Every structure is written in C-alpha cells, then in structure tokens.
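Single-structure report; data block below.
The values are calculated or read from the model by the stated rules, or taken from the named source; none is laboratory data. Just so we're clear, the structure is a prediction, and the values are computed from it rather than from any experiment. Neighbour counts run over all protein chains shown; Cβ positions are idealised from the backbone, glycine included. Side chains are part of the model used for accessible areas, which takes the heavy atoms of the whole protein and leaves out ligands, DNA and RNA. Shrake-Rupley method; radii C 1.70, N 1.55, O 1.52, S 1.80 Å.
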Amino acid sequence: MKCYMTENTDGRPSTFSKKVQIINELGLHARAAAIIAKKARTATSNIWIVKENEMANAASIIDILTLECTKGSWITIKSEDPADHHVLLDILESVQSGFGE
C-alpha cells in the first residue's frame, strides 16, 4: 500500500498519509473508533484522521466521533513519525476491511 510522504524544510520526512474511504454501513461509530484509537495509542507520535477541513487525534474515540464519518466519507490518516508507518498501515487495513462488519 503506497503512502504519501511530506518533508520538512530540511528534507526529513514530516508525515506519512493515506486517503481511504469508509465502507462499512455504520461509518466510524463507537466500536470502529475504539479499534482505531487502540491502534493509534501504540504509536510513538501522533496519528491524525482528517476529514475535509477537520482533524482529529486518532488516539481519542471522542475526537474521531466528532468527525461524523458516515459510509462513503473520505478520510486521510496521517502519522507524524516514519517509525509509526506500521501503525498507519494497520489502521488503514481496519478501515478498508470495514472493521470486520
């Protein structure tokens, strides 16, 4: 899975991101948000979920729910640290599988 990387002014990676569509019928509801938050808490730095112009800390169930991501919504998942790339991919896999629903 290809993720996009942005760089700081000194050429070091600043974030890795991937855009993904919510496919499960209930969208990002409480159980799905809890799955994401649990995975995001294993990261060494912040993982973010962006929908349109709003950004939420992926480690916070409440923050995720405030984005109101229904089925068909497009979100971008970002990691601040390249070392957390595996966490980003794990979250993406959950979203793309519809959280097993």
Filter result (of a type outside the set (A, V, I, L, M, F, W, C), in contact (Cβ under 8 Å) with a residue 12 or more places away in the chain and not in a strand (DSSP E or B)) within the range 69-88: 70, 71, 72, 73, 80, 81, 82, 84, 85
Of all residues in the range 8-37 being under 19 Å from residue 82 (Cα atoms) and either touching a His at 6+ places or on another chain (Cβ under 8 Å) or part of a helix (DSSP H, G or I) (or both), the one that is modelled with the lowest pLDDT: 16
Residue identified as open to solvent by 60 Å² or more (accessible area, probe 1.4 Å) and within 17 Å of residue 93 (Cα to Cα) among 19, 39: 19
Residue in the range 67-89 that is open to solvent by 50 Å² or more (accessible area, probe 1.4 Å), over 9 Å from the mean Cα position of the chain (by Cα) and within 13 Å of residue 33 (Cα to Cα) present: yes
Filter result (hydrophobic (A, V, I, L, M, F, W, C) and within 20 Å of residue 101 (Cα to Cα)) within the range 68-80: 69, 74, 75
